[in-house]
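A.B. asks: The structure that follows is given in the form of structure tokens.
The values are calculated or read from the model by the stated rules, or taken from the named source; none is laboratory data. Quick caveat: nothing in here was measured; it's all calculated off a predicted structure. We work out accessible area using only protein heavy atoms, side chains counted, and drop any ligands, DNA or RNA first. Shrake-Rupley method; radii C 1.70, N 1.55, O 1.52, S 1.80 Å.
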Amino acid sequence: MSDSPDPAPPQDPAPLRPPAAGRRRASAASRTARTDGNLREAPAPVDARAPLAAPAGRVDLTVDGMHCASCVARVERALRAVPGVETASVNLPARRAVAAGRADPAALVAALTAAGY
């Protein structure tokens, strides 16, 4: 027998912490959805026999003459002003604009022409 005391057990260098609230991911197959820390039931399944609304159209446009973020904002604003456009987004490096909704493509081109593009 030795007179020395028992060695202390090794300590964990990093204690475990729960994940941050913003980093949680919910599975699409889960039956519950987590929002703001509260659990709630997933939405009821859609009746397959019910008529569906027509999907919104998507129009891709090539836009020449854009040079900066101000040009991007101007093109997006011109597209959103067209009746029937739900969303509009612009990719400056690719010189592309996408308008989603039920707008007439000719009206979108006319709006961009009126905006100077």
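A.B. asks: Using a 1.4 Å probe over the heavy atoms of the protein chains, calculate the carbon and sulfur portion of the accessible area of the stretch 67-117 as a whole percent.
C.D. replies: So the carbon and sulfur contribution to the accessible surface is 58 percent.
A.B. asks: How big is the equivalent ellipsoid of the stretch 54-109 along its three axes, where each semi-axis is √(5λ) from the Cα gyration tensor, reported in whole Å from largest to smallest?
C.D. replies: After diagonalising the Cα gyration tensor, the semi-axes are 19, 10, 9 Å.
A.B. asks: Let me ask something else. List, in order, the whole-Hz ³J(HN,Hα) value for each residue of the stretch 90-106 obtained from phi through the Karplus relation with A = 6.51, B = -1.76, C = 1.60 and θ = phi - 60°; use x for Gly and Pro.
C.D. replies: Result, rounded to whole Hz: 10, 10, 5, x, 8, 6, 10, 10, 10, 10, 10, x, 10, 8, 6, x, 5.
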